[in-house]
Amino acid sequence: MDFDPVLLARLQFAFTVTFHIIFPSFTIGLSAYIGTLGALWVRSGEERYHQLMRFWTRIFAVSFAMGVVSGLVLSYQFGTNWSRFSLAVGNVVGPLIGYEVLMAFFLEATFLGVLLFGFNRVPPWLYVMSGAIVALGTAMSAFWILSANSWMQTPAGYAIKDGIAYPADWLAVVFNPSFPYRFAHMLNAAYLTTGFVVLAVGARFLIAGQHIAEGRTMLRMAIGLTAILAPLQLVIGDQHGLNTLKHQPIKIAAMEAHWDGTKPGDFEIFAWPDEKTETNRFAISIPKGASLILTHKMNGLFPGLKSVPAADRPPVALVFFSFRIMLGLGFFMIAAARYGAFLLWRGTLFETRWYLLVMAQCWWVGFVAVIAGWVVTESGRQPWIVDKILRTADATSPVPGASIAVTLALFVLAYGVVFSFGIYYINRLIAKGPSGPEAKETGQFVGSPISAAHEG
């Protein structure tokens, strides 16, 4: 059997990074929520904020651990499957990833320990400040990882010598043209993802008639957050799209399935892009809609897929449908959050059972939207792994395809087992609820994530 090593290396990395992105997109937002709960507890003295802080800290710890495990695998893959990538651009990308470990990961891990085991052992102000520092660390982690990824999309501040990229201006490398938009878009997506998880858990508690005070608090805070951030994400995404049109116009052409750049682009509500005939089948379109969105003119023109050879185009159908999944879920989140805010304003939120039933099942929408967005970002860059510098096919290691296929199968098996246990423990923690064992007399924190899950 003939194995394509490039395709398998891409599939292996795609599989592992898809698992990995789930957890940072949750922990970035969750750490900020934990920090906010801590500040509210210190300010108000209300026990419900403290209980919620400890409850979500346990869930954060499990998610953080799974994010670390899946992230370590990605680092090894750079050396095993993508050694030529490391050789060609490692001088630029390597330090950015290293800064993430030195400046963010160690900070998060240290103060997470205080959050988990410092209750009644350190002063309340230090305990709460640890939550804020963990939130800062996760944001810093996103900063450096997204800087590295953005540089691969819009490289700047480098010089090529003998086919190898060297940093020439670190400020230009870090703050490359797409970085501010990508960082804002991803950070906001992480907060939205967490907001809908908190909303779902709060709705679940109210439906079950358990932890009523805490459930209402979660609903109020989640709706207050998502009602603002969901529409804001549309604005940020629009600006990110305009930046992408400037620097990666073929990615935009794939997102819109726009073939002919000599004509205004229609917005395809639904279509089936046919790369062989270079047309869209079964199209349901808004005439000139894409041109209006991207150029702010009805007859505005932007490059089409035919403007480059077929070998320089990304996989159109994958990018096209992933973008629509992300966009559709984004509009759903706007509608759900705004309607929840309307119910909260009317004072009927906690009694509107149908809304609570729907929201209790919508914990997943942010995760799927994030994954779809990353598919658009990474697949839309193809056939380049670093835009206009290094092609994906030239970045892989000389590893036989059969070997990659075996390790891919092992990854699927191992991830299936490990992450099933992780999700199981998170569900046990949620089932147990925010009321945890207190340790006022002994001064010992006995509510560690695994022990708390067993108690649930």
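The values are calculated or read from the model by the stated rules, or taken from the named source; none is laboratory data. For clarity, every value in this text was computed on a predicted model and none was experimentally measured. Neighbour counts run over all protein chains shown; Cβ positions are idealised from the backbone, glycine included. Remember, those area values only see protein heavy atoms, side chains included, never the ligands or the DNA or RNA. Shrake-Rupley method; radii C 1.70, N 1.55, O 1.52, S 1.80 Å.
If you wrap segment 18-67 in the convex hull of its Cα atoms and look at it from every side, the mean projected area works out to 3.0 nm². Distances between every pair of Cα atoms in the chain, grouped in 10 Å steps from 0 to the bin holding the largest one, split as 4, 19, 28, 25, 16, 6, 1, 0 percent. Once the other residues with Cβ under 15 Å from the Cβ of residue 136 are scored (Lys, Arg +1; Asp, Glu -1), what is the net sum? Charge balance in the 15 Å sphere: -2.
Would you please state the base-10 log of I(q)/I(0) at q = 0.19 1/Å for segment 66-119, with intensities from the Debye formula using one equal scatterer on every alpha carbon? The computed values of log10 I(q)/I(0) come out as -0.75.
One equal scatterer on each Cα of segment 162-209, no solvent, Debye formula: the resulting log10 I(q)/I(0) at q = 0.31 Å⁻¹ is -1.02. For segment 333-387, the alpha carbon positions stretch 52, 19, 10 Å along the principal axes, listed from largest to smallest. Each listed q (0.14, 0.23 Å⁻¹) maps to a log10 I(q)/I(0) for segment 148-236 from the Debye sum over equal C-alpha point scatterers, namely -0.63, -1.00.
Using the Karplus relation 6.51 cos²θ - 1.76 cosθ + 1.60 with θ = phi - 60°, the per-residue 3J(HN,Hα) values for segment 294-305 come to 8, 10, 6, 9, 4, 9, x, 10, 9, x, x, 5 Hz, with x marking Gly and Pro. Here's how it looks for residue 168: its modeled amide H is under 5 Å from those of 158, 159, which are all 5 or more places away or on a different chain. Pairs of Lys residues in the chain that lie 8 or more places apart, or on two chains, and have C-alpha atoms under 23 angstrom apart add up to 22. The residues of the chain expose, per residue, 45 Å² of accessible area to a 1.4 Å probe.
When the residues 424, 33 are ordered by accessible surface, computed with a 1.4 Å probe over the protein chains alone, the sequence from largest down reads 424, 33. Annotation: amide H-H contacts under 5 Å for residue 384 (H modelled 1.01 Å from N, sequence separation of 5 or more, or interchain): 392.
Based on alpha-carbon centroids, what's the gap between segment 82-113 and segment 125-200 in Å, whole number please? So the separation of the two Cα centres works out to 12 Å.
As a rough guide to protection, the peptides 178-189, 20-31 ranked by mean Cβ packing within 10 Å, highest first, stand as 20-31, 178-189. Relative to the longest principal axis of the Cα atoms of the chain, the long axis of helix 106-117 makes an angle of roughly 20 degrees. The angle between the Cα long axis of helix 365-379 and the main principal axis of the chain comes to about 30°, on a 0 to 90 degree scale.
Net charge in the neighbourhood of residue 312 (other residues with Cβ under 15 Å of its Cβ; Lys, Arg +1, Asp, Glu -1) is +2. Remark: segment 304-448 is approximated by an ellipsoid whose semi-axes, taken from the C-alpha gyration tensor as √(5λ), come to 42, 28, 13 Å, largest first. Of the accessible area of the chain, computed with a 1.4 Å probe over protein heavy atoms only, carbon and sulfur atoms account for 68 percent.
Take residue 206: with every protein chain present and a 1.4 Å probe, its accessible area is about 30 Å². On a per residue basis, the convex hull of the C-alpha atoms belonging to segment 1-138 measures out at 107 Å³.
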